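Asker: This structure is in structure tokens; I'll ask about it shortly.
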Amino acid sequence: MADYAVDQTVDITDVVCPVTFVKAKVALEELDAGQILSIRMNDGEPVQNVPRSVKEEGHKILKLLDNGDGTWSLIVRKE
Amino acid sequence: MSFSNEQMTRYSRHIILKEIGVKGQKRLMEGRVLIIGAGGLGSPAALYLAAAGVGVIGIADADEVDLSNLQRQIIHTTADIGRPKVQSAREKMEAINPDIKVNAYQTLAVADNILDLITDYDFVIDGSDNFPAKFLINDACVIARKPFSHAGIIRFQGQLMTYVPGKGPCYRCVFDNPPPPDAVPTCRQAGVIGAMGGVIGSLQAMEAVKYLAGAGELLTGFLLTYDALEMKFRKVKLPDKAGGCAVCGEHPAITKPFDYAPAVCNIEP
Amino acid sequence: MILTVAGTKKEYPPDLTVTKLLEAEKVEMPMYVTVSLNDEFLKREEFDDTLLKENDSVEFLYFMGGGF
């Protein structure tokens, strides 16, 4: 994560599909284009679906990091 | 405005849609819609707009719930018989979505109050059941420059059109004057299939939602007609504007709302 | 003569006025029907004198008053 200056983080481990993506989308909405969001999500269904949905919205996925505690951090640049 | 987790869940199916998204849902939540008539058209429109989270919804109707309403006016229940329709409607809307504010006006929309009624709203839904009201709503919305959805239903047929100031014809461009009372079957004499209000009233809610959220194309310049027996929808292109329209034409003769004599219904409900 | 009436193309006899077309199409209460001809509103007093021609497109718009 050190590679990127993360402007904002959002934790979507407290919600389930499809609100996972919705919460990420709301967080992205509040950023300006070019800013970077780190999205913390659970292993399994969220990490399978949220990155794809975020990409479909036209944002740039920079990295997906395994936090080693059953969660992942998706680093996204708002486009 | 930021969303709570609860709001994100409640409106998740909207927010996921590209055409609505976060911005569109915020616009809905900041939006204000007035529904005139809590009947066959107004019932589904009110329920869907409440569910959609439209911030302020006004509902105007002078009547009380009657047993004969319940075949189609799905916002009211058997237990509501005899109660003011707007009170019954408000309870259901708030039960669906406590986030919204409902303004209940237990009054008939007439020339004296229509401009005051519509002034605080972004969009008006005509769910009235008679021609004098439909012309009054049209005239008031044209004069006050309010977008509105017109609709009519009868038997197995329904139609609707959307007026937005400066875009396409108004209702009076299409129909210059109401027919004489009782010349065209209205209200109770003709009957109506219950689900017709559901189809057309839901389409009116759809227009309000699209207008507020800024999604898609509105039904301006078109009359959408629906024949349930033939199961046929037609989107009929309307001429641009009647040049000499008495209310939206270049030299309007109508500059303030006025009341036509109400149609007399000879048959008791 | 081919006309498009309410979205449907059909063969009609020549020398047909709008009034006659309303009769032929069995339009109920034609005095309360709005007619558009080739995307222009037609005034009611013009129905009798307006002759339709090949490929004209006619729409009937009906009053619908209920909302109940």
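We did not get these values from a lab; they are worked out from the coordinates using the rules stated. All values reported here derive from a predicted model rather than from experimental measurement. A quick note on method: Cβ atoms are made from the backbone with ideal geometry, for glycine too, and the neighbour counts reach across all protein chains shown.
Asker: Report, in deg cm²/dmol and to the nearest 500, the calculated mean residue ellipticity at 222 nm for chain B, where each DSSP H run with n ≥ 4 adds -39500 (n - 2.57) and the sum is divided by the residue count. Spell out each step's value before the answer.
Answerer: Values: 10 runs with 90 residues, N = 269.
Value at 222 nm, helices only: -9500 deg cm²/dmol.
Asker: Using all Cα-Cα distances in the protein assembly as shown, what percent lands in each 20 angstrom bin from 0 up to the longest?
Answerer: In whole percents, the pair-distance histogram is 24, 45, 25, 6, 0.
Asker: Do any trypsin sites (Lys or Arg not before Pro) in chain C lie in a DSSP loop with no more than 10 other beta carbon atoms within 10 Å, and if so, which?
Answerer: Values: sites: C:Lys9, C:Lys10, C:Lys20, C:Lys26, C:Lys43, C:Arg44, C:Lys53; in loops: C:Lys26, C:Lys43, C:Lys53.
For trypsin sites (Lys or Arg not before Pro) across chain C that sit outside H, G, I, E and B with at most 10 neighbouring Cβ atoms in 10 Å, the list reads C:Lys26.
Asker: What's the center-to-center distance, using Cα atoms, between region B:68-92 and region B:141-167 in Å?
Answerer: Each part reduced to its Cα centre gives a spacing of 24 Å.
Asker: Here's a follow-up. Is chain A rounded, prolate or oblate when judged by the Cα gyration tensor, a ≥ b ≥ c being the square roots of its eigenvalues, rounded requiring a/c under 1.5 and prolate requiring a/b larger than b/c?
Answerer: Working: a/c = 1.64, a/b = 1.20, b/c = 1.37.
Because a/c hits 1.5 or more and a/b fails to exceed b/c, chain A counts as oblate.
Asker: Between B:Ala95 and B:Glu19, what is the FRET efficiency for a Förster distance of 41 Å, r being their Cβ-Cβ separation, to the nearest 0.05? Don't jump to the answer; show the numbers that get you there.
Answerer: On the way: r = 28 Å, r/R0 = 0.69.
FRET efficiency, B:Ala95 to B:Glu19: 0.90.
Asker: Another question, then. What percentage of all Cα-Cα pairs in region C:2-61 are separated by more than 13 Å?
Answerer: Details: 988 of 1770 pairs.
Here the tail beyond 13 Å accounts for 56 percent of pairs.
Asker: Give the residue list of GluC sites (Glu not before Pro) in region B:189-257 that are DSSP loop and have at most 14 other beta-carbon atoms within 10 angstrom. Numbers along the way, then the final one.
Answerer: Values: sites: B:Glu207, B:Glu217, B:Glu230, B:Glu250; in loops: B:Glu217, B:Glu230, B:Glu250.
Loop-located and lightly packed - B:Glu217, B:Glu230, B:Glu250.
Asker: Structure shown: which of A:Lys78/B:Lys23; B:Lys167/B:Lys232; A:Lys55/B:Lys210; A:Lys55/B:Lys18; A:Lys25/B:Lys101 lie over 18 Å apart, alpha-carbon to alpha-carbon?
Answerer: On the way: A:Lys78/B:Lys23 15 Å; B:Lys167/B:Lys232 26 Å; A:Lys55/B:Lys210 25 Å; A:Lys55/B:Lys18 13 Å; A:Lys25/B:Lys101 26 Å.
The answer is B:Lys167/B:Lys232; A:Lys55/B:Lys210; A:Lys25/B:Lys101.
Asker: Continuing with the same structure: For the pair B:Asn113 and B:Ala62, how long in nm is the line joining their label points, each one 7 Å along Cα→Cβ?
Answerer: Rounded to a tenth, the inter-label distance reads 0.8 nm.
Asker: Moving to a separate point now. Taking only DSSP H segments of four or more residues, each worth -39500 (n - 2.57), what value at 222 nm results for chain C once the sum is divided by all its residues, to the nearest 500 deg cm²/dmol?
Answerer: On the way: 1 runs with 7 residues, N = 68.
-2500 deg cm²/dmol, from helical runs alone.
Asker: As a test, work out the antiparallel percent of DSSP beta bridges whose residues both lie in region B:21-237, rounded to the nearest 5. Intermediate results must be reported in sequence, preceding the final value.
Answerer: Working: 19 of 37 bridges.
Taking every DSSP beta bridge within region B:21-237, about 50 percent pair in antiparallel fashion.
Asker: Roughly how crowded by other chains is peptide A:15-25, in terms of the mean Cβ count from those chains within 10 Å of each of its Cβ atoms?
Answerer: On the way: counts 4, 1, 1, 6, 9, 2, 4, 14, 6, 0, 7.
Mean inter-chain Cβ contacts per residue within 10 Å come to 5.
Asker: For region B:21-237, rounded, prolate or oblate, judged on the Cα gyration tensor with a ≥ b ≥ c (square roots of eigenvalues), a/c < 1.5 rounded, else prolate if a/b > b/c?
Answerer: Values: a/c = 1.29, a/b = 1.04, b/c = 1.25.
Rounded is the answer for region B:21-237, as its axis ratio a/c remains below 1.5.
Asker: Next up: Helix-only mean residue ellipticity at 222 nm, chain A, DSSP H runs n ≥ 4 weighted -39,500 (n - 2.57), per residue, nearest 500. What is it?
Answerer: Working: 2 runs with 23 residues, N = 79.
One gets -9000 deg cm²/dmol as the mean residue ellipticity at 222 nm.
Asker: If a/c stays under 1.5 just call it rounded; otherwise compare a/b with b/c (prolate if a/b is bigger, oblate if not). Do that for region B:203-247, with a ≥ b ≥ c from the square roots of the Cα gyration tensor eigenvalues.
Answerer: Details: a/c = 2.45, a/b = 1.10, b/c = 2.22.
Note, shape of region B:203-247 comes out oblate.
Asker: Sticking with this structure for a sec: So which DSSP H runs in chain B come out at 20 Å plus along the axis (Cα) with average Kyte-Doolittle of at least 0.5? Walk me through the numbers on the way to the answer.
Answerer: Values: long enough: B:194-213 (29 Å, 0.84).
Result, helices passing both filters: B:194-213.
Asker: Find, among the chymotrypsin sites (Phe, Trp or Tyr not before Pro) in region B:197-234, those assigned to loop by DSSP (not H, G, I, E, B) with at most 16 other beta-carbon atoms within 10 angstrom.
Answerer: On the way: sites: B:Tyr211, B:Phe222, B:Tyr226, B:Phe233; in loops: none.
Here no chymotrypsin sites (Phe, Trp or Tyr not before Pro) fit, given the DSSP loop and packing criteria.
Asker: Further, regarding this structure: Between B:Gly214, B:Ile154, B:Ala253, whose Cα lies farthest towards the positive end of the dipole of region B:121-264 when Lys and Arg beta carbons carry +1 and Asp and Glu beta carbons carry -1, centred on the Cα centre?
Answerer: The residue sitting most towards the positive pole is B:Gly214.
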